[in-house]
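Right, one structure below, let's go through it.
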Amino acid sequence: MQVFHIRYRNAQGTLMRILNAVSRRGLDLTSVHAEAAAQDHGVTLQLEVTQKQVGQLCREWYAIVDVIEVRSSASLREHGDQDGAWAPHPPASASGDEPSARAALA
Amino acid sequence: MLKGADIVLRCVRAEGVDLVFGYPGGAIMPLYDALDGSGVRHVLTRHEQGAVFAAEGFARVTGKVGVAMATSGPGATNLVTGIADAKMDSVPLVCITGQVRTAMIGTDAFQETDVFGVTLSLTKWSRLVRTIEEIPEVIAEGFYWARSGRPGPVVIDIPTDILKAKREFSGPVQFTPLARPADAKAEGAFSDAIVALLQQAERPVALVGAGAKLSGAIPELRRLLDDLNVPTFATVHGLGAVQPQSPYYLGMVGMHGTRAANTALHETDLLMVFGARLDDRVTGDPTRFAPNAKIVHFEIDPAQLDRVRACELPVIGNLADTIPTFHAVLRRASLPDWSGWRAVACGQERAELDPRGLAQPTIRFLDELFSRLPENSVIIADVGQHQMWAAQRYRAGSPRGFITSGGLGAMGFALPAAVGVQLAKPDTCVLCVSGDGGFQMNIQELATVRRLNLPVKMVIVDNKYLGMVRQWQQLFYERNYAETDLSDNPDFVDIAKAYKIHGWRLNEAAMAEYPVSAETGDSIDNFLRSPGPELLVFDCAPEANVYPMVPAGAALSEMVFEDIE
């Protein structure tokens with residue numbers, strides 16, 4: 001089980017676009033919790049996904065213009081609800097120092 | 001005081017729009033009422049799908065935002081295929097739809113559809129306008145998102161009472177997006193990583209897609225490719241980005257790509273992708289796609305990375321920024337000698353399109369037609385066999401010279417798109433190549449061509465079948481030609497005549513002699529150079545097939561070159 005936390009501007013349809021990225025893949029939404037968070041809004045989703053889908057979903061969510069930040073982690077239950085379990089998911093370019101580039105050079 | 005409709009048009013005009021395509025109806029009537037004197041020219045198509053494809057054609061050939069208008073309900077839903085097409089092919093498009101009165105929304109009123117909801121998953125951004133006050137901001141933001149980053153479609157749905165309402169208007173506004181924490185541009189470090197990969201590579205190749213054109217970085221890309229001098233090929237939307245006479249250029253890649261391109265892509269150990277999605281028509285079986293390659297992926301849209309196959313080195317950003325950054329580092333680097341690999345990959349042995357070469361009359365015909373086109377002509381291909389034949393034979397180096405519905409594969413695209421292209425480029429030869437199936441999907445746009453006297457040159461490759469489906473039925477469904485027979489097609493020349501458009505017919509027999517006879521050549525020249533619209537029906541063998549072909553689920557190395565029954 002994977003948990004995703006997405007921060008977004010609560011513009012028309014943004015939450016629906018986030019959910020649509022899930023439904024178009026035929027995934028079941030085990031849990032959805034959305035609420036105002038500081039100046040923005042946040043939604044936490046719990047999904048049964050493959051590792052490949054984690055990357056695809058994070059990138060697709062980040063491509064939504066009103067999404068600000070996407071984070072993912074394994075289920076909170078599996079990690080004892082620790083803050084450190086969250087892994088940021090900015091779809092950044094590879095540089096010479098990053099794991100993907102190192103893998104490429106290996 | 002201005003009406004909402006006037007404010008919409010003033011804001012649209014402020015975005016640089018002077019041409020829109022559309023079809024009027026009840027809820028959008030106030031906007032049509034305000035058109036006169038607005039500075040925005042409206043082109044009436046004969047169907048809303050024609051309007052949105054025409055707007056797409058305009059956008060694809062100019063790089064500007066195309067605008068389509070339609071009324072609520074069926075008008076809006078008729079736009080949906082074009083919106084999906086623009087999403088798949090990264091076309092900047094704004095659709096403005098009328099909606100029922102604000103108070104009636106949600107009541108299943110006459111001609112009410114939830115167009116915001118219907119198009120939510122197909123648009124890059126959309127809004128249902130709720131007050132007259134927000135019109136300037138919505139228009140500004142909509143156009144910003146349509147053209148920024150990876151371009152895409154936007155829908156702005158405006159209730160009819162808001163179009164009729166009045167308020168003071170202080171002028172259009174500009175939209176400035178808020179920065180996001182992870183929007184940082186790619187920095188130079190990726191260049192060193194790519195150079196390191198190149199220094200280890202024995203068989204590097206480059207794949208060019210639509211992103212190279214959309215970024216406006218064609219000169220930079222061509223200089224980079226000249227310096228790299230590695231086997232290079234293009235997706236269907238990348239055609240024209242690379243000068244076809246470049247010695248390292250191998251043509252189109254993918255399901256109906258050239259033998260040379262597909263073979264090199266299968267053999268490579270380092271694939272550099274410049275602005276392509278790596279969709280399934282390019283990769284074949286993704287598990288056997290470039291099986292020995294590491295992938296460097298230059299891409300503006302992070303959502304496209306790792307979609308089909310994981311890449312080792314993503315370079316996210318506008319190619320107009322990332323290519324020069326990389327090139328500057330590459331120039332200082334020492335690279336291996338790849339002349340042996342180049343000689344194999346680009347050699348004559350692999351260069352032949354198909355063992356039968358020019359034996360097929362339709363290929364001969366398209367070759368003959370394309371060779372006689374004036375410079376800088378634009379070809380718009382519909383969807384099907386003729387599309388792939390045309391893409392295989394396209395040999396011009398014009399980045400926006402070959403236009404087609406690639407990602408969505410929407411039949412009926414070509415004729416209305418040609419309307420938009422011709423209006424954008426009135427002095428350019430615009431050649432619309434369709435099949436007999438696709439042409440009939442938007443045949444009503446002959447009326448638009450006639451009304452505007454657009455000198456579009458229309459070719460129907462008529463095999464009296466839904467040819468590509470029939471080809472698959474022949475090869476994979478034991479010749480069960482279920483519902484693909486179009487032998488009762490109308491006489492297209494007579495149809496053209498009814499629209500007061502000159503039409504004529506060319507038979508395959510005219511291609512028996514090759515090069516063609518002087519008489520046939522003159523006929524084609526006259527067709528291409530006539531001042532008005534013209535229709536040419538080319539009678540194609542019913543069971544002609546497109547080869548090479550990578551069967552669905554096969555690897556690119558498993559191309560077939562002839563019927564496999």
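The values are calculated or read from the model by the stated rules, or taken from the named source; none is laboratory data. Note that the structure is predicted; figures quoted are calculated from it, not measured. When we count neighbours, we look across all protein chains shown, and the Cβ atoms used for this are built from the backbone with ideal geometry, even at glycine.
Suppose the filter is modelled with pLDDT of 95 or more and outside any helix (DSSP H, G or I); does B:Val195 pass it?
Working: modelled with pLDDT of 95 or more: yes; outside any helix (DSSP H, G or I): no.
No; evaluated as a whole, the condition is false for this residue.
Yes or no: region B:451-459 includes at least one residue that is farther than 25 Å from B:Val419 by Cβ and modelled with pLDDT of 95 or more.
Within region B:451-459, not a single residue is farther than 25 Å from B:Val419 by Cβ and modelled with pLDDT of 95 or more.
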Candidate set: region B:268-289, residues that are more than 19 Å from the chain's Cα centre (by Cα) and free of Cβ contacts under 8 Å to residues at least 40 places away in the same chain; chosen: the one surrounded by the fewest Cβ atoms within 10 Å (Cβ to Cβ): B:Thr287
How many residues of region B:544-554 are touching a strand residue (DSSP E or B) at 6+ places or on another chain (Cβ under 8 Å) and surrounded by fewer than 19 Cβ atoms within 10 Å (Cβ to Cβ)? The answer is 1
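Can you pull out the residues in region B:463-498 that are assigned to a loop (DSSP other than H, G, I, E, B) and either basic (Lys, Arg) or surrounded by fewer than 17 Cβ atoms within 10 Å (Cβ to Cβ) (or both)? Steps first, please.
First, the residues of region B:463-498 that are assigned to a loop (DSSP other than H, G, I, E, B): B:463-464, B:466, B:477-484, B:486-491.
Within region B:463-498, B:Lys464, B:Tyr477, B:Glu478, B:Arg479, B:Asn480, B:Tyr481, B:Ala482, B:Glu483, B:Ser487, B:Asp488, B:Pro490, B:Asp491 meet the criteria.
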Within region B:242-274, can you find the residues that are aliphatic (A, V, I, L, M), within 22 Å of B:Ile194 (Cα to Cα) and part of a loop (DSSP other than H, G, I, E, B)? B:Val242
Output the strands (runs of 3 or more DSSP E) that fall wholly within region A:2-48 and possess 2 or more residues being closer than 21 Å to B:Leu122 by Cβ and of a type in the set (Gly, Ala, Ser), or say none. none
Of the residues in region A:15-31 that are facing chain B (nearest Cβ under 10 Å) and of a type in the set (S, T, N, Q), the one that is nearest to B:Phe116 (Cα to Cα) is A:Asn20
What is the residue count in region B:317-345 for residues that are of a type outside the set (A, V, I, L, M) and farther than 22 Å from B:Gly275 by Cβ? 9
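Return the residues of region B:301-310 that are out of contact with any Pro (no Cβ under 7 Å at 6 or more places or on another chain) and surrounded by fewer than 22 Cβ atoms within 10 Å (Cβ to Cβ); say none if nothing qualifies. Give the steps one after another, and end with the answer.
First, the residues of region B:301-310 that are out of contact with any Pro (no Cβ under 7 Å at 6 or more places or on another chain): B:301, B:303-304, B:306-307, B:310.
Across region B:301-310, the qualifying residues are B:Asp301, B:Ala303, B:Asp306, B:Arg307, B:Ala310.
Conditions tested, residue by residue: (1) among the aliphatic types (A, V, I, L, M); (2) more than 21 Å from B:Leu366 (Cβ to Cβ).
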{"site": "B:Ser434", "(1), (2)": "no, no"}
{"site": "B:Val449", "(1), (2)": "yes, yes"}
{"site": "B:Met458", "(1), (2)": "yes, no"}
{"site": "B:Arg479", "(1), (2)": "no, yes"}
{"site": "B:Asn489", "(1), (2)": "no, no"}
Within region B:37-56, the count of residues that are surrounded by fewer than 24 Cβ atoms within 10 Å (Cβ to Cβ) and within 18 Å of B:Ile83 (Cα to Cα) comes to 2
Is it the case that some residue within region B:166-189 is within 21 Å of the chain's Cα centre (by Cα) and in a strand (DSSP E or B)? no
Test set (1) within 11 Å of another protein chain (Cβ to nearest Cβ); (2) at pLDDT 95 or above; (3) over 13 Å from the mean Cα position of the chain (by Cα) - A:Ala34 fails condition number: (1)
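Among the strands (runs of 3 or more DSSP E) contained in region B:49-161, which hold 1 or more residues that are in contact (Cβ under 8 Å) with a residue 40 or more places away in the chain and closer than 28 Å to B:Met441 by Cα?
Working: elements: B:66-70, B:93-99, B:125-128, B:153-159.
Ranges flagged: B:66-70, B:93-99, B:153-159.
Going residue by residue through region B:243-253, is there one that turns out to be within 14 Å of chain A (Cβ to nearest Cβ) and surrounded by fewer than 20 Cβ atoms within 10 Å (Cβ to Cβ)?
Step one: list which residues in region B:243-253 are within 14 Å of chain A (Cβ to nearest Cβ), which gives none.
No: region B:243-253 contains no residue that is within 14 Å of chain A (Cβ to nearest Cβ) and surrounded by fewer than 20 Cβ atoms within 10 Å (Cβ to Cβ).
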Identify, by number, the condition in (1) closer than 24 Å to B:Ala34 by Cβ; (2) within 13 Å of chain A (Cβ to nearest Cβ); (3) not charged (D, E, K, R) that B:Ala201 doesn't meet. (1)
